[in-house]
1. Send over the per residue convex hull volume for segment 83-150, Cα only, as a whole number of Å³.
2. Of the cross-linked pairs 47/130; 73/152; 73/166, which ones have a Cα-Cα span greater than 29 Å in the structure shown?
3. How many times 2.2 N^0.38 Å is the alpha carbon radius of gyration of segment 77-192?
4. Given a 1.4 Å probe and every protein chain left where it sits, what share in percent of the accessible area of segment 52-123 is carbon and sulfur?
5. Go through 179-186, 139-146 and give me the packing order, highest mean Cβ count within 10 Å leading.
6. Please list 90-99, 77-86, 201-210 highest first by mean number of surrounding beta-carbon atoms within 10 Å per residue.
7. For every other residue with a beta carbon closer than 12 angstrom to the beta carbon of residue 112, add +1 if it is Lys or Arg and -1 if Asp or Glu, then tell me the sum.
Amino acid sequence: WTWGEKGSWWRDEPENLRSWESRSPGVTEGLRWIFNPEKYAANARAKLTGNEPNLLKNPDFEDLTGYDATAAKPKVQHWAFWQSAQSRGTYGLDRGAGSAHGAFFANILNACYLQTYPVKFGETYVFSAKIWRENPDETATLRFRWQDADGKWCCEEEDRTVEAGKSDADGWCTASVCVTVPAGVKFTAVLLGGADVKGKVIFDDAKLVKCP
(Lines give C-alpha, C1' and ligand atoms only; values in the text may rest on other atoms or scores of the structure.)
Protein backbone atom coordinates (compact mmCIF):
# COMPACT_ATOMS: atom_id res chain seq x y z
CA TRP A 1 0.00 0.00 0.00
CA THR A 2 2.79 2.42 0.83
CA TRP A 3 4.33 1.78 -2.59
CA GLY A 4 1.10 2.56 -4.44
CA GLU A 5 -1.84 4.90 -4.01
CA LYS A 6 -0.55 8.50 -3.84
CA GLY A 7 2.90 8.10 -2.39
CA SER A 8 6.11 6.58 -3.72
CA TRP A 9 9.87 6.47 -3.33
CA TRP A 10 10.41 6.31 -7.10
CA ARG A 11 12.85 8.96 -8.29
CA ASP A 12 10.79 9.76 -11.40
CA GLU A 13 7.60 10.59 -9.51
CA PRO A 14 5.76 13.71 -10.74
CA GLU A 15 6.80 16.94 -9.06
CA ASN A 16 3.23 17.59 -7.98
CA LEU A 17 3.04 14.23 -6.16
CA ARG A 18 4.37 14.32 -2.60
CA SER A 19 6.19 11.19 -1.45
CA TRP A 20 5.24 9.22 1.66
CA GLU A 21 8.45 10.42 3.33
CA SER A 22 7.46 14.07 2.78
CA ARG A 23 3.91 13.34 3.92
CA SER A 24 5.02 11.37 7.01
CA PRO A 25 8.67 12.08 7.90
CA GLY A 26 10.35 9.00 9.35
CA VAL A 27 8.09 6.43 7.67
CA THR A 28 11.00 5.00 5.65
CA GLU A 29 13.10 4.39 8.76
CA GLY A 30 10.05 3.00 10.51
CA LEU A 31 9.52 0.40 7.81
CA ARG A 32 13.18 -0.58 7.93
CA TRP A 33 12.86 -1.11 11.70
CA ILE A 34 9.67 -3.19 11.33
CA PHE A 35 11.24 -5.37 8.63
CA ASN A 36 14.46 -6.13 10.52
CA PRO A 37 14.86 -4.45 13.94
CA GLU A 38 18.14 -6.25 14.73
CA LYS A 39 19.80 -5.07 11.52
CA TYR A 40 18.39 -1.58 12.02
CA ALA A 41 19.92 -1.41 15.50
CA ALA A 42 23.27 -2.72 14.25
CA ASN A 43 23.39 -0.08 11.50
CA ALA A 44 22.55 2.66 13.99
CA ARG A 45 25.23 1.41 16.38
CA ALA A 46 27.85 1.54 13.62
CA LYS A 47 27.29 5.31 13.36
CA LEU A 48 28.47 5.98 16.92
CA THR A 49 31.55 8.21 17.16
CA GLY A 50 32.40 7.63 20.83
CA ASN A 51 31.65 11.25 21.70
CA GLU A 52 27.97 10.76 22.49
CA PRO A 53 26.90 11.96 25.98
CA ASN A 54 26.31 9.36 28.66
CA LEU A 55 22.62 9.56 29.61
CA LEU A 56 23.01 7.79 32.96
CA LYS A 57 23.44 9.49 36.32
CA ASN A 58 26.36 8.39 38.50
CA PRO A 59 27.53 5.89 35.86
CA ASP A 60 30.93 5.41 37.53
CA PHE A 61 29.49 5.02 41.06
CA GLU A 62 31.76 7.74 42.42
CA ASP A 63 28.90 9.85 43.80
CA LEU A 64 28.78 8.80 47.45
CA THR A 65 25.86 11.03 48.44
CA GLY A 66 23.77 9.23 51.05
CA TYR A 67 25.88 6.07 50.94
CA ASP A 68 26.39 4.15 54.19
CA ALA A 69 28.28 0.88 53.86
CA THR A 70 27.01 -0.29 57.25
CA ALA A 71 23.32 0.12 56.36
CA ALA A 72 21.16 -2.97 55.90
CA LYS A 73 20.01 -1.54 52.58
CA PRO A 74 22.75 0.82 51.38
CA LYS A 75 21.72 3.55 48.94
CA VAL A 76 23.70 3.86 45.73
CA GLN A 77 23.03 7.34 44.37
CA HIS A 78 20.69 7.39 41.32
CA TRP A 79 20.53 3.58 41.16
CA ALA A 80 17.69 1.47 42.54
CA PHE A 81 18.47 -2.03 43.75
CA TRP A 82 16.10 -5.00 43.56
CA GLN A 83 16.42 -8.65 44.52
CA SER A 84 13.82 -11.40 44.57
CA ALA A 85 11.94 -12.10 47.79
CA GLN A 86 13.85 -15.36 48.27
CA SER A 87 17.24 -13.74 47.74
CA ARG A 88 19.32 -12.68 50.75
CA GLY A 89 22.32 -11.25 48.96
CA THR A 90 24.50 -8.34 49.98
CA TYR A 91 25.14 -5.26 47.85
CA GLY A 92 26.72 -1.82 47.85
CA LEU A 93 29.98 -0.24 46.67
CA ASP A 94 33.32 -1.97 46.19
CA ARG A 95 36.46 -1.27 44.18
CA GLY A 96 35.99 -0.25 40.56
CA ALA A 97 37.69 -0.97 37.24
CA GLY A 98 40.77 1.16 37.83
CA SER A 99 38.76 3.57 39.99
CA ALA A 100 37.74 3.84 43.64
CA HIS A 101 34.22 2.46 43.34
CA GLY A 102 31.96 0.07 41.50
CA ALA A 103 28.57 -1.39 42.45
CA PHE A 104 28.56 -4.99 43.68
CA PHE A 105 26.22 -7.73 44.76
CA ALA A 106 27.06 -11.16 46.16
CA ASN A 107 25.28 -14.41 47.00
CA ILE A 108 22.07 -13.50 45.17
CA LEU A 109 19.35 -15.60 43.57
CA ASN A 110 18.11 -12.87 41.25
CA ALA A 111 19.05 -9.20 41.59
CA CYS A 112 19.88 -6.03 39.71
CA TYR A 113 20.75 -2.36 39.86
CA LEU A 114 18.50 -0.28 37.61
CA GLN A 115 17.99 3.22 36.31
CA THR A 116 15.25 4.57 34.01
CA TYR A 117 15.40 7.06 31.15
CA PRO A 118 12.62 8.59 28.95
CA VAL A 119 12.64 7.33 25.36
CA LYS A 120 10.59 7.54 22.15
CA PHE A 121 9.48 4.93 19.66
CA GLY A 122 12.08 4.19 16.99
CA GLU A 123 15.08 5.61 18.87
CA THR A 124 18.10 3.33 19.18
CA TYR A 125 20.31 3.05 22.28
CA VAL A 126 23.43 1.21 23.36
CA PHE A 127 23.92 0.17 27.00
CA SER A 128 27.36 -0.97 28.17
CA ALA A 129 29.27 -1.59 31.38
CA LYS A 130 32.41 -3.19 32.77
CA ILE A 131 31.84 -6.36 34.79
CA TRP A 132 34.05 -8.27 37.24
CA ARG A 133 33.09 -11.73 38.49
CA GLU A 134 34.69 -13.53 41.40
CA ASN A 135 33.66 -16.78 39.69
CA PRO A 136 34.08 -16.24 35.93
CA ASP A 137 31.53 -18.92 35.02
CA GLU A 138 28.68 -17.23 36.88
CA THR A 139 26.03 -15.24 35.04
CA ALA A 140 26.06 -11.43 35.04
CA THR A 141 23.91 -9.52 32.56
CA LEU A 142 23.02 -6.16 31.03
CA ARG A 143 19.37 -5.77 30.13
CA PHE A 144 16.94 -3.34 28.52
CA ARG A 145 13.38 -3.36 29.89
CA TRP A 146 10.42 -1.09 29.13
CA GLN A 147 7.81 0.96 31.00
CA ASP A 148 4.66 2.74 29.87
CA ALA A 149 3.59 6.29 30.77
CA ASP A 150 2.43 5.08 34.19
CA GLY A 151 5.77 3.47 34.96
CA LYS A 152 4.37 -0.06 34.58
CA TRP A 153 6.37 -2.81 32.91
CA CYS A 154 5.34 -3.43 29.31
CA CYS A 155 6.50 -4.95 26.02
CA GLU A 156 8.37 -7.73 27.83
CA GLU A 157 8.78 -9.63 24.56
CA GLU A 158 10.97 -6.70 23.43
CA ASP A 159 13.38 -6.93 26.38
CA ARG A 160 17.00 -7.39 25.37
CA THR A 161 19.68 -9.09 27.50
CA VAL A 162 23.37 -9.82 27.03
CA GLU A 163 25.60 -11.89 29.31
CA ALA A 164 29.12 -11.02 30.38
CA GLY A 165 31.75 -12.60 28.18
CA LYS A 166 35.30 -13.76 28.77
CA SER A 167 37.22 -11.80 31.40
CA ASP A 168 40.67 -10.29 30.91
CA ALA A 169 43.70 -10.98 33.09
CA ASP A 170 42.36 -8.65 35.78
CA GLY A 171 38.98 -10.35 35.81
CA TRP A 172 37.08 -7.59 33.97
CA CYS A 173 35.12 -7.66 30.73
CA THR A 174 32.99 -5.11 28.87
CA ALA A 175 29.49 -6.08 27.77
CA SER A 176 27.11 -4.06 25.62
CA VAL A 177 23.62 -4.43 24.17
CA CYS A 178 21.86 -2.39 21.48
CA VAL A 179 18.10 -1.98 21.01
CA THR A 180 15.49 0.07 19.17
CA VAL A 181 12.58 1.39 21.25
CA PRO A 182 9.30 -0.44 20.54
CA ALA A 183 5.86 1.17 20.25
CA GLY A 184 3.91 1.96 23.41
CA VAL A 185 6.99 2.70 25.52
CA LYS A 186 7.77 5.87 27.48
CA PHE A 187 10.79 4.77 29.54
CA THR A 188 13.58 2.28 29.27
CA ALA A 189 14.99 0.64 32.39
CA VAL A 190 18.61 -0.45 32.09
CA LEU A 191 19.57 -3.28 34.45
CA LEU A 192 22.91 -4.48 35.78
CA GLY A 193 21.92 -7.94 36.93
CA GLY A 194 22.67 -11.53 37.72
CA ALA A 195 21.10 -14.84 38.75
CA ASP A 196 22.25 -17.67 40.99
CA VAL A 197 25.46 -15.84 41.84
CA LYS A 198 27.41 -17.49 44.66
CA GLY A 199 30.39 -15.15 44.64
CA LYS A 200 30.71 -11.41 44.07
CA VAL A 201 29.96 -9.42 40.91
CA ILE A 202 31.06 -5.79 40.44
CA PHE A 203 29.80 -3.34 37.78
CA ASP A 204 31.52 -0.12 36.78
CA ASP A 205 31.55 2.54 34.05
CA ALA A 206 27.94 1.98 32.97
CA LYS A 207 26.99 3.91 29.84
CA LEU A 208 23.76 4.58 27.95
CA VAL A 209 24.03 6.46 24.65
CA LYS A 210 21.55 7.33 21.94
CA CYS A 211 22.54 6.38 18.41
CA PRO A 212 22.42 9.13 15.77
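1. Roughly 135 Å³ of hull volume per residue.
2. Cα-Cα > 29 Å for 73/166; rest within.
3. That works out to 1.11 for segment 77-192.
4. Looking at segment 52-123 in its full context, I get 54 percent from C and S.
5. Put in order of decreasing packing, that is 139-146, 179-186.
6. Averaged packing, sorted descending, gives the order 201-210, 90-99, 77-86.
7. +2
The values are calculated or read from the model by the stated rules, or taken from the named source; none is laboratory data. All of these numbers come straight from a predicted model, not from anything done at the bench. All Cβ positions, glycine included, derive from the backbone under ideal geometry; neighbour counts span all protein chains shown. SASA here: full protein model, heavy atoms, side chains in, ligands and nucleic acids out. Shrake-Rupley method; radii C 1.70, N 1.55, O 1.52, S 1.80 Å.
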